[in-house]
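The structure appears below as structure tokens.
The values are calculated or read from the model by the stated rules, or taken from the named source; none is laboratory data. None of these values were measured; they are calculated from a predicted model. Don't worry about glycine lacking a Cβ; one is built from the backbone with ideal geometry, like all the others, and counts go over all protein chains shown.
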Amino acid sequence: MFSKQSRYIIETAGLIFILLCFFGQVRADDSTRFNLGVQLGTDVGGCVPYPFRYVPETFNMYPKINLSLGGKLTFPVKEQWSLGAEVTYKTLSTSADARVKNQRFEDDGQIQYFTGSAEMNMQFTMLEFPLYAKYAFPSDNYRLLFGAYGTYVLQSKFVTLAKKGFVGTEGPDIVSIPLEPEGMEMVFSDALGRWDAGLVLGYERKIMSRFDLGLRFMWGFKDIFKPENKYFDYSMIHIRGVVVLSYTLLRI
């Protein structure tokens, strides 16, 4: 059967195909035109454990604000509906600290359990390719959008530092070996995957003739780790909010 990675590709391609079929009847009239624009934005969020039951009770995230730069192309197709495609260059940086109990992880075939406090530092530099449908309310000042996105990761980093606590190999609740004062650092950067895909939902408001302000929610489909590198009992997926300011350069 299909691998996990292949299923994600098929599901994303299927969603894009459905969108294109649904809005494929283009109404050719004098008002039909391409809109080409540029946009600036920032992402707030990062990678979280999924299913959510694995999120520790004490889990604090500290996203770093980085500016993203991209371009967009939109095309009206049917009354208030239009299609949009974008390409964006962005860097996501997040740090987090957590207090965990009996955290199971596997490294080089050895299963260990950790109880204590830890810090995480993550960074992903990527090219993102959203494709979506957009509905404009009659005034054309407010719009809703939904669709899918794909991401190619250019560079990534994931480092965990276990600072204080106990670690052992015998099983849960048997973690009697204290960490050294300098803690234990684990670098997972080489095990990270090169792509991601997911869903995008958003709201957009026209603030001036050619300026739009958008808010979006993005949910990744896949684990940030490669399929052959399964360190934890759960996946780590991208979940984030996005603020975008766009400017229409050309109406063709």
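Scanning region 64-113 for residues that are among the polar types (S, T, N, Q) and part of a strand (DSSP E or B) yields Ser68, Thr74, Ser82, Thr88, Thr91, Ser93, Thr94, Ser95, Asn102, Gln103, Gln110, Gln112.
Residue-level check: of (1) assigned to a loop (DSSP other than H, G, I, E, B); (2) farther than 16 Å from Lys134 by Cβ, Arg33 misses just (2). If you go through region 43-87 and keep only what is farther than 18 Å from Trp219 by Cβ and among the polar types (S, T, N, Q), you end up with Thr58, Asn60, Asn66, Thr74, Gln80, Ser82. Inspection of region 129-147 finds no residue satisfying the criterion of being modelled with pLDDT under 90 and closer than 17 Å to Ile224 by Cα.
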